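In what follows, a structure is listed as structure tokens, so that the remarks can point back to it.
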Amino acid sequence: EKGLRLTRNNVYRMLLVAVMVASKTLEDSTYRNCDWAIIGLRHYSCAALGRMELEMLVWLGFRTNVPREKFMCAVKATFGHHPVHKCLPRPVSERWREEVLEQLAVAV
């Protein structure tokens, strides 16, 4: 199955980008990507964080608000109370994701 998979190798990156996206969604004034690079102990460049942020937003279908029920479902799934697939948003199609990334690459 295609989609996001957390692994030992990407969990730190995904956490950093998830917090970054959440902060930008909730706060009027937040850190710049270069500041997030410092927070991330400089493991990633400003540009790399920007790309990762875009990839996450595309994966989310630019839906950054999560209803309380979905959040609680994910928390319970994290601690093993029920399967995580019941909590995940319906993924965007791979074709749509590729088209958006291509269009953004042309625009930049």
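The values are calculated or read from the model by the stated rules, or taken from the named source; none is laboratory data. Bear in mind that the values here come from a model prediction, so they are computed numbers and not experimental data. Neighbour counts run over all protein chains shown; Cβ positions are idealised from the backbone, glycine included. These accessible areas exclude ligands, DNA and RNA; they are computed on the full protein's heavy atoms, side chains included. Shrake-Rupley method; radii C 1.70, N 1.55, O 1.52, S 1.80 Å.
Selection over segment 32-48 of residues that are over 14 Å from A22 (Cα atoms), open to solvent by less than 50 Å² (accessible area, probe 1.4 Å) and part of a helix (DSSP H, G or I) gives a count of 4.
Taken together, the criteria exclude R90 from residues that are part of a loop (DSSP other than H, G, I, E, B), open to solvent by 50 Å² or more (accessible area, probe 1.4 Å), at pLDDT 70 or above and basic (K, R). The residue that is least open to solvent (accessible area, probe 1.4 Å), counting only those in segment 4-30 that are more than 20 Å from N65 (Cβ to Cβ) and part of a loop (DSSP other than H, G, I, E, B), is N10.
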